[in-house]
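The values are calculated or read from the model by the stated rules, or taken from the named source; none is laboratory data. Please read these numbers as outputs of a predicted model, since none were measured by experiment. All Cβ positions, even for glycine, are placed from backbone atoms using ideal geometry, and neighbour counts span all protein chains on display. Side chains are part of the model used for accessible areas, which takes the heavy atoms of the whole protein and leaves out ligands, DNA and RNA. Shrake-Rupley method; radii C 1.70, N 1.55, O 1.52, S 1.80 Å.
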Amino acid sequence: MTRFKLVSHTKVVKLLNGISNSKATGLDKISGKILKTAAPTIALSLTHIFNHAIITSCFPYEWKAARLLPLHKRGSRDLPENYRPISILPAISKVMERIM
């Protein structure tokens, strides 16, 4: 069984500062730029949330919910089979994935 290690406040700040500013926002509409700007203020609380998720083996449901966008592959734009889905997750879930 794989055991995940708890994350430090310093690591959370580093991960928040590493978020891309140009990525689309998920359903929560919180951009990477906002998370970077707020990192010094929210990192301690997020560290607690991340560590609680690790201890309880529970990934918050809201971080799993994605905004789906159809991306045109090729061919006629009138045919649904010429599209593939893109899932846009909240930026904070991507931070948690990096921790894991």
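Which members of the range 8-37 meet the condition of being open to solvent by less than 80 Å² (accessible area, probe 1.4 Å) and of a type in the set (S, T, N, Q)?
At the first step, the residues of the range 8-37 found to be open to solvent by less than 80 Å² (accessible area, probe 1.4 Å) are 8-9, 12-13, 15-20, 24-26, 28, 30-32, 35-36.
Within the range 8-37, Ser8, Asn17, Ser20, Thr25, Ser31 qualify.
List pairs: first residue in the range 27-41 and closer than 11 Å to Leu16 by Cα, second residue β-branched (Val, Ile, Thr) and assigned to a helix (DSSP H, G or I) anywhere in the structure, Cβ distance under 6 angstrom, at least six positions apart or on different chains.
Qualifying pairs under 6 Å: Ala39/Val13.
Just to be sure, is Lys5 open to solvent by 30 Å² or more (accessible area, probe 1.4 Å) and in a helix (DSSP H, G or I)?
Spelling it out, it is not the case that Lys5 is open to solvent by 30 Å² or more (accessible area, probe 1.4 Å) and in a helix (DSSP H, G or I).
In the range 64-100, what residues are among the small types (Gly, Ala, Ser) and either in contact with a Lys or Arg (Cβ under 8 Å, 6 or more places away or on another chain) or part of a strand (DSSP E or B) (or both)? Steps first, please.
We begin by selecting, within the range 64-100, every residue among the small types (Gly, Ala, Ser); these are 65-66, 75-76, 87, 91, 93.
Within the range 64-100, Ser87, Ala91, Ser93 meet the criteria.
For (1) over 17 Å from the mean Cα position of the chain (by Cα); (2) of a type outside the set (Val, Ile, Thr), each residue gets a yes or a no:
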{"residue": "Ala53", "(1), (2)": "no, yes"}
{"residue": "Phe59", "(1), (2)": "no, yes"}
{"residue": "Leu79", "(1), (2)": "yes, yes"}
{"residue": "Ile88", "(1), (2)": "no, no"}
{"residue": "Ile99", "(1), (2)": "no, no"}
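Look through Leu68, Leu16, Leu27 and report the one residue that is at pLDDT 95 or above and of a type in the set (A, V, I, L, M, F, W, C).
On the way: Leu68 fails: at pLDDT 95 or above; Leu27 fails: at pLDDT 95 or above.
After applying the criteria, what remains is Leu16.
Which condition does Thr10 not pass, out of (1) at pLDDT 95 or above; (2) assigned to a strand (DSSP E or B), if it passes all the others?
(2)
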